[in-house]
Amino acid sequence: MAKSLEVEEWWFTIKGLVYLPRRLHREVQALAAPPVPREHAAYAACAEFLKYLRDTWYTGMFSGLWDKFGIEELRTTNLAESYHSQLNTLIEGDHPTLTKLILVLRDLDGEAQSALITLEQEPSHTKHIRRKDRERRERVAHMMTSFNTDYQAGVSRMAVDEYCSYMARFVAESAA
């Protein structure tokens, strides 16, 4: 199936939603319906994704985890993703034995306890962030602040969609 420009634009708008205040999500046209007519080959997949998005990320147990608007510090979801990645690295393959799982979790717990002790003893301790990542965070924070200022002055629904599409560039492909 050839790529559809409508679907691609729709997808970028949805990816950028994480940087939009939750109160404004109702303004985003991309959440209302798939971007293509029912007879289009991508319609069913888009409709299924919108249902998944509503059921999992708007009303499900993860509904409070994915909003990034106004958040500039290290996020809990980043820590959870890092933990999950480390767990996958330490446990090779699917379905580890219970013994292997317990040993790996015990090691990770020890690392977490050590990190907590470090923070208790040195509250000002911060994790080094690469310059590239720090600059990216600063650009994101600037864009969110600018959008909020513009929104207070009044913006169109199209401007909200354009903001989401622009902010999608700051969402890693692996996260989307």
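The values are calculated or read from the model by the stated rules, or taken from the named source; none is laboratory data. Everything numeric in this text was worked out from a predicted model, so none of it was measured. Neighbour counts run over all protein chains shown; Cβ positions are idealised from the backbone, glycine included.
Yes/no matrix, rows are residues, columns are (1) aromatic (F, W, Y); (2) more than 28 Å from S85 (Cα to Cα):
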{"site": "R106", "(1), (2)": "no, no"}
{"site": "D109", "(1), (2)": "no, no"}
{"site": "F147", "(1), (2)": "yes, yes"}
{"site": "R157", "(1), (2)": "no, yes"}
{"site": "S165", "(1), (2)": "no, no"}
{"site": "V171", "(1), (2)": "no, no"}
Within the range 108-154, can you find the residues that are assigned to a helix (DSSP H, G or I), closer than 30 Å to R169 by Cα and of a type in the set (A, V, I, L, M)? V140, A141, M143, M144, A153
Filter result for I117 (among the β-branched types (V, I, T) and either surrounded by fewer than 12 Cβ atoms within 10 Å (Cβ to Cβ) or closer than 30 Å to A30 by Cα (or both)): yes
How do the pairs read when you match residues in the range 24-36 that are farther than 23 Å from N148 by Cβ with residues anywhere that are of a type in the set (G, A, S) and outside any helix (DSSP H, G or I), using Cβ under 6 Å and keeping only pairs 6 or more apart or on different chains? V36/A42
Among residues belonging to the range 1-50 that are within 19 Å of the chain's Cα centre (by Cα) and in a loop (DSSP other than H, G, I, E, B), point out the one that is surrounded by the most Cβ atoms within 10 Å (Cβ to Cβ). L20
Every residue in the range 43-97 that is modelled with pLDDT of 80 or more, of a type in the set (A, V, I, L, M, F, W, C) and under 30 Å from Y151 (Cβ atoms), please. C46, A47, F49, L50, L53, W57
When residues of the range 104-146 are filtered for being without any contact (Cβ under 8 Å) to a residue 12 or more places away in the chain and within 24 Å of the chain's Cα centre (by Cα), how many remain? 14
